[in-house]
Amino acid sequence: MTALETWGFVGVFVAAAVPWLEILLVVPAGVAAGLPPAPVGAVAFVGNALPVLGIIVGHDALRRWVQRRRGARATSAESSGRARRARTLLQRYGVPVLALAAPAVTGVHLAAFIALVVGAQRATVAGWMLGSLAAWTIVVTGLAAAGVDLLGG
């Protein structure tokens, strides 16, 4: 592996970790830059999954910190209008639909956070977000590789 390829994979990893620079952009860019599709997909998946897992693991600690800072002024997220609407949407469509739509609609980072805020279980959020991310990565990597082949790259 050349230094240029190494830096290309580092760029794919870092870009995939940035919220809103989802695999939908990062994988095709990496493949179009001449990097091999399968490793690009794998690196992009890991780069996207690690921050999502960090959000999932760190959510409870962040919630406790906010509650300590607010003290008596803290209002329950359960009672706010926005939280009730978000909980209703999540209950109606569920974590699976949110997770499957996330890369194209909100990004997996934000979708994971929303799911946790409205009360979804961490294990459920992690499983569905990572499963969805894996499926999207496979599809996008395949399409990017096919597109490069079709264009004669």
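The values are calculated or read from the model by the stated rules, or taken from the named source; none is laboratory data. All figures in this text were calculated on a predicted structure; none of them were measured in a lab. Neighbour counts run over all protein chains shown; Cβ positions are idealised from the backbone, glycine included. What goes into the accessible areas is simple: the full protein's heavy atoms, side chains included, and nothing from ligands, DNA or RNA. Shrake-Rupley method; radii C 1.70, N 1.55, O 1.52, S 1.80 Å.
Some values worked out for this structure:
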item	result
Candidates A61, A104 - the one that is modelled with pLDDT under 95, assigned to a helix (DSSP H, G or I), open to solvent by 30 Å² or more (accessible area, probe 1.4 Å) and farther than 18 Å from A17 by Cα	A61
Conditions (1) of a type outside the set (D, E, K, R); (2) modelled with pLDDT of 85 or more; (3) over 18 Å from the mean Cα position of the chain (by Cα): number failed by G81	(2)
Selection from region 14-23 of residues that are in contact (Cβ under 8 Å) with a residue 40 or more places away in the chain and either more than 17 Å from the chain's Cα centre (by Cα) or surrounded by fewer than 16 Cβ atoms within 10 Å (Cβ to Cβ) (or both)	P19, W20
Output for region 40-59, where each listed residue is free of Cβ contacts under 8 Å to residues at least 60 places away in the same chain and touching a Leu at 6+ places or on another chain (Cβ under 9 Å)	V43
Selection count, region 107-117, where residues are touching a residue at least 40 places away in the same chain (Cβ under 8 Å), surrounded by fewer than 19 Cβ atoms within 10 Å (Cβ to Cβ) and of a type in the set (V, I, T)	1
Pick from region 118-149, criterion in contact with a Pro (Cβ under 8 Å, 6 or more places away or on another chain) and polar (S, T, N, Q), ranking: surrounded by the fewest Cβ atoms within 10 Å (Cβ to Cβ)	S132
Every residue from region 24-42 that is more than 17 Å from A104 (Cβ to Cβ) and open to solvent by 40 Å² or more (accessible area, probe 1.4 Å)	A32, A33, G34, P36, P37, A38, P39, A42
Residue in region 85-94 that is open to solvent by 40 Å² or more (accessible area, probe 1.4 Å), of a type in the set (G, A, S), modelled with pLDDT under 85 and assigned to a helix (DSSP H, G or I) present	no
Filter result for L4 (open to solvent by 50 Å² or more (accessible area, probe 1.4 Å), modelled with pLDDT under 85 and in a helix (DSSP H, G or I))	no
Test: residue in region 45-54 that is at pLDDT 85 or above, assigned to a helix (DSSP H, G or I) and under 20 Å from G147 (Cα atoms)	yes
